[in-house]
Amino acid sequence: MIESFGSRPTGEESIPRDGIITGLLGAGIVALFYLAVDATRGHPLMTPSVLGQAFILHRPVTLTAPDTVAVLAYTIFHVIAFVAFGFLLAVLTRASEASSLARYAVVQLLVAFVVFFYGVVSIGSEIVRGMLPFVSVLVANALAGAAMTGWLWRRHPRLRILISQTPLGASDQGT
């Protein structure tokens, strides 16, 4: 049977779908955020170009014009990384329906997600650090995190009920 986009598969078969969609949402939000930032600066696609040059292709960073190969290489890496993160988030969300500890792990994972990329950027060149100040990384990742968790929150009504019954850190014995 062909399922519609809005229908919700039950059981484990929803984890791959949820992971892919969650990751693509996050990747898309961050990409659009930095496209807007770069366009405002007058250099669309410069952020993925610089990140691709510095971290994927290991080339000297140039700011004259976006390097198409670097943009494509970084975009592929970016999407794969976000889909992998989306899978992890989908698995933890499924586990959260059975365990308050897993719910707490989701919170910790999201906090780590918001800060992790800035740590990666901080080891980059001065140009990379200058292009990606902490506030922009925080905003982009917070927007992506909100979109990803919003998608999963909508897809898991049982989780919403359980959180209202058993807050984070409380024992699951009542459920």
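Worth a mention:
- So VAL50, is it more than 16 Å from the chain's Cα centre (by Cα), of a type outside the set (Gly, Ala, Ser) and not in a loop (DSSP other than H, G, I, E, B): yes
- In the set ALA102, ALA140, only one residue is at pLDDT 90 or above and either in a helix (DSSP H, G or I) or of a type outside the set (Ser, Thr, Tyr) (or both); that residue is ALA140.
- Those residues of segment 53-81 which are closer than 13 Å to MET131 by Cα and part of a loop (DSSP other than H, G, I, E, B), in sequence order: VAL61, THR62, LEU63
- So PHE87, is it surrounded by 15 or more Cβ atoms within 10 Å (Cβ to Cβ), closer than 30 Å to SER14 by Cβ and of a type outside the set (Val, Ile, Thr): yes
- Any chance GLN53 is under 26 Å from GLN165 (Cβ atoms) and either basic (Lys, Arg) or without any contact (Cβ under 8 Å) to a residue 40 or more places away in the chain (or both): no
- Taking each residue of segment 113-137 that is of a type in the set (Lys, Arg) and looking for partners that are at pLDDT below 85 with beta-carbon atoms closer than 8 Å, six or more apart or interchain, yields ARG129/VAL121; ARG129/SER122.
- Residue in segment 135-154 that is over 30 Å from SER49 (Cβ atoms) and of a type in the set (D, E, K, R) present: yes
The values are calculated or read from the model by the stated rules, or taken from the named source; none is laboratory data. Owing to the predicted nature of the structure, the values given are computational and were not obtained by experimental measurement. As a convention, Cβ positions derive from the backbone with ideal geometry for all residues, glycine included, and neighbour counts pool all protein chains shown.
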